[in-house]
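What follows is a short report on a single structure.
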Amino acid sequence: MPSFSDFYASACEAIETGGPVFVILLITSIFTLALVIYKMLQYTGARVGRHDRIEEAIAHLDKGDPDGAREIFASARHFLAPVFLLGLNVDDQAGKLSRLEAEAEKRFLPLEKGFRILDTVAQLAPLLGLLGTVLGMIEAFQALQTAGSQVDPALLAGGIWVALLTTAAGLSVAMPTSIALSWFESRIDHERVFASHVLTVITAPARGNGGHRA
């Protein structure tokens, strides 16, 4: 089994071989991984996608029991629960839905922070890799020109291999980042649809039960 010293030596060799562009991509990958982990912990703490308690409150509203819904909203840990509770406590119907939608959007904002960073990494990482490849190819052909008639094919092949290393690194950073961003965006889209449904239930009066309708 390789030791830590062997891994460290291999990493240093790869950094030295890949050049400054490879170092930039390595730092970017570490930062991106940290951001993705942070977003996942943030979504877990905000209870994104966890709607059991909210749906239980909606069931109370369907039964004409707003007090039971208030109690559940007050104790729920979902990040939109305070907005739903506000909707039950505000009696003035004029502009009520618009106000609640604005409050919900305000709470969505922290969950969407970092999306542009992930999108930028997903777009620029392949370009950085391509830049490293172009610079490596320039160096390889400069060495070829310097060698003149005594060209070593192995030297040229080695230069091309080093040049392509940064392209592979760029794609390796971009593809997982793009997947993570798409996953986060899909979760937020689902939450928006769910929030719109709950706010409609809260603000639309029901007929015949004195409460609300689904």
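Quick notes on this one:
- Separation of the stretch 105-127 from the stretch 173-196 is 10 Å, based on Cα centroids.
- Once you divide the Cα radius of gyration of the stretch 44-89 by 2.2 N^0.38 Å, the number left is 1.05.
- Taking other C-beta atoms within 10 angstrom as a stand-in for reagent exposure, Ser196, Ser98, Ser29 fall in the order Ser98, Ser196, Ser29, fewest first.
- Ranked for footprinting exposure by Cβ neighbours inside 10 Å, fewest first, Asp189, Asp65 give Asp189, Asp65.
- Using the Cβ-Cβ distance between Leu164 and Ile117 with R0 set to 25 Å, the FRET efficiency works out to roughly 0.40.
- Annotation: average projected area of the stretch 22-203 is 12.5 square nanometres, based on the convex hull of Cα atoms across all directions.
- Considering only alpha-carbon pairs that sit under 8 angstrom and 6 or more positions apart, the relative contact order computed for the stretch 22-203 is 30 percent.
Every number in this text was worked out from the coordinates using simple rules, so none of it is lab data. Predicted, not measured: the structure shown is a model, and the values here were computed from it. Ideal geometry is used to build each Cβ from the backbone, glycine not excepted, and the neighbour counts take in all protein chains shown.
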